[in-house]
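Participant: The structure follows.
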Amino acid sequence: MPNYFYKAKNVKGKEKSGVLFAENVSDLANSLSKDGYFLISAKKAEKRGLSRAHLKLFGFNSLKLFKIPLSEKLFFTRNLEVMIRTGVPLPRAFEILSNQTKNKNFKIILDKISEMITQGKGISECLSKFPNTFSALYVETVKAGEETGKIENSFSILGSQMERTYRLKSQLKSAMMYPIIVLSLGIIIGVLMMIFVVPKILETFKEMNVQLPLSTRMLIASIDIITKHWLLVLIGFFFLIVILFYFAKSKKGVKFKAKIALKIPKISKIIKDTNSALFLRILSSLLAAGVPIVRSLEVTSGALSNFYFRQSLKEASAVVKKGKKLSEALSPYNNLYSSMVIEMLKVGEETGETAQVLNNLSDFYEEEVASSIKKISSIVEPALIAIMGVGVGFFAFAMLKPMLSVMGGM
């Protein structure tokens, strides 16, 4: 069944556009007429342009072919909140936002949601059709807003939570950018020197029949392997990356990464503070939106990056489901959550202001993460200089020692 890009209008003059499956243009017109619209124009979509994008959009989200940037979703959420508060109908709001977005895939998603809402479906149900774009956290918060009749508040809560998440991720990316660039440049320069510069120097040593030290022989062996068997080196490197990638995605790999991250000094604190900040922010947002605490814990666990933090919340949700308080359920995990988190949870439970207490505490931990990142950044620079210095020192020693031997024998 082919796809058609269409434009349609109803008797009130309201226009809409999108993509629909239909046997032919007549069937497309009949389908639109059932919704009170008459067809203005239709264009058959080329298979090449729709094969992957629309498979994803019409029920094949598990392929994960596309990812909508967080900045796009934040812009959408904030603007949708304003439109709902000012009384703009939901289908019209989604059409406007679809025209505003610069991301083509997001535009198609918003057009489809607008069409589904026009057909009478709830907004949370529509959003749930695109799990790779709208997370369980997003859908559950909107669903709670629908049930309480305060959907604009749900989008306000989501907007605030997404802004915090965006800021936190930006800080982490900025901190990682400098060391990645420096290390990459160091590796590239080192490889280029080993391929183009060092062989000429070593050739001179061979002609002079100089007794080469171990460091120089190691360098020669490395260069021989790279220059003579470069294809095998590339293939081996490629397979190593693939193996490491699949191991990192496996259950054992995920647990291994999480365990190592929690044991490295300095990094451990950032991991704990980051996951604590996300846990507190997301849980407070869900509770403020009216989502039940057990479901809130289940959704929050899926949003955290560290395996052991996720596992702790899954187990805590099972304990809370049996009637215990969250502070009691998290007490056994004092290696993950600080005593401050547990004590403030108790205060929130006793006062009935758990959402507000968690929100305030998340502010504190986000500041702690920002402070820790700055400290790590100040340590990384001298550490990188030291690592590069060791590499340069080894190279210089391997090259200079034979030269000194030659000069000493003259």
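Bear in mind that the values in this text are calculations on the coordinates, not laboratory data. Source: prediction; values computed, not measured. All Cβ positions, glycine included, derive from the backbone under ideal geometry; neighbour counts span all protein chains shown.
Participant: Sorted by packing (mean other beta-carbon atoms within 10 Å per residue), highest first, where do 225-231, 24-30 land?
Facilitator: Averaged packing, sorted descending, gives the order 24-30, 225-231.
Participant: Any idea what the dipole of the chain comes to, in debye rounded to 20, about its Cα centre with Lys/Arg Cβ at +1 and Asp/Glu Cβ at -1? Can you show the working numbers first?
Facilitator: Working: 56 positive and 32 negative charges, 185 e Å.
Approximately 880 debye in magnitude.
Participant: Among the aspartates and glutamates, select those whose C-alpha is under 19 Å from the C-alpha of Lys374, and discard any that sit fewer than 8 residues away in the same chain.
Facilitator: Excluding near neighbours in sequence, the set is Asp273, Asp363, Glu366.
Participant: Let me ask something else about it. How do 139-145, 80-86 rank on mean C-beta neighbours within 10 Å, highest first?
Facilitator: Taking the mean over residues of other Cβ atoms within 10 Å, the ranking is 139-145, 80-86.
Participant: Of Lys9/Lys121; Lys34/Lys73; Lys143/Lys251, which ones are farther than 23 Å apart at the Cα?
Facilitator: Pairs exceeding the cut-off: Lys34/Lys73; Lys143/Lys251.
Participant: Further question on the same structure: Take the alpha carbon atoms of the range 214-271, find their center, do the same for the range 279-294, and report the distance between the two centers in whole angstrom.
Facilitator: Each part's Cα centre sits 39 Å from the other's.
Participant: For a quick check, take a GNM of the chain with Cα springs below 10 Å and name the residue from Leu336, Leu297, Leu185 with the largest mean-square fluctuation.
Facilitator: It is Leu185.
Participant: Between the helical axis of 267-289 and the dominant principal axis of the chain, each derived from Cα atoms, what acute angle in degrees is found, rounded to the nearest 10?
Facilitator: 0 degrees
Participant: Using helices alone, I'd like the mean residue ellipticity at 222 nm for the chain: each DSSP H run of four-plus residues gives -39500 (n - 2.57), total over residue count, nearest 500.
Facilitator: Counting only the DSSP helices, I get -24000 deg cm²/dmol.
Participant: Which residue fluctuates most in the GNM of the chain (Cα springs below 10 Å): Phe238, Phe309, Phe279?
Facilitator: Phe238
Participant: Here's a follow-up. Relative to the longest principal Cα axis of the chain, at what angle does helix 230-249 sit, 0 to 90 degrees, rounded to 10?
Facilitator: 40 degrees
Participant: Same structure, new question: Taking Cα centroids, how far is the range 335-378 from the range 102-152 in Å?
Facilitator: So the separation of the two Cα centres works out to 31 Å.
Participant: Here is a follow-up. Pick from Lys314, Lys346, Lys249: which is most flexible by mean-square fluctuation in a GNM of the chain where alpha carbon atoms under 10 Å apart are linked?
Facilitator: Largest GNM mean-square fluctuation: Lys249.
Participant: Which listed residue (Gly122, Thr300, Ala386) has the Cα farthest towards the positive end of the charge dipole for the chain, taking +1 on Lys and Arg C-beta and -1 on Asp and Glu C-beta about the Cα centre?
Facilitator: Positive-most Cα among the choices belongs to Gly122.
Participant: If we count every other residue with Cβ under 13 angstrom of Glu146's Cβ, Lys/Arg +1 and Asp/Glu -1, where does the sum land?
Facilitator: On the way: positive: Lys121, Lys143, Lys150; negative: Glu125, Glu140, Glu147, Glu152.
Result for the neighbourhood of Glu146: -1.
Participant: Hey, what angle do you get for helix 307-321 against the long axis of the chain, alpha-carbon based, 0 to 90 degrees rounded to 10?
Facilitator: Taking the Cα atoms of the chain, the angle to 307-321 is about 30 degrees.
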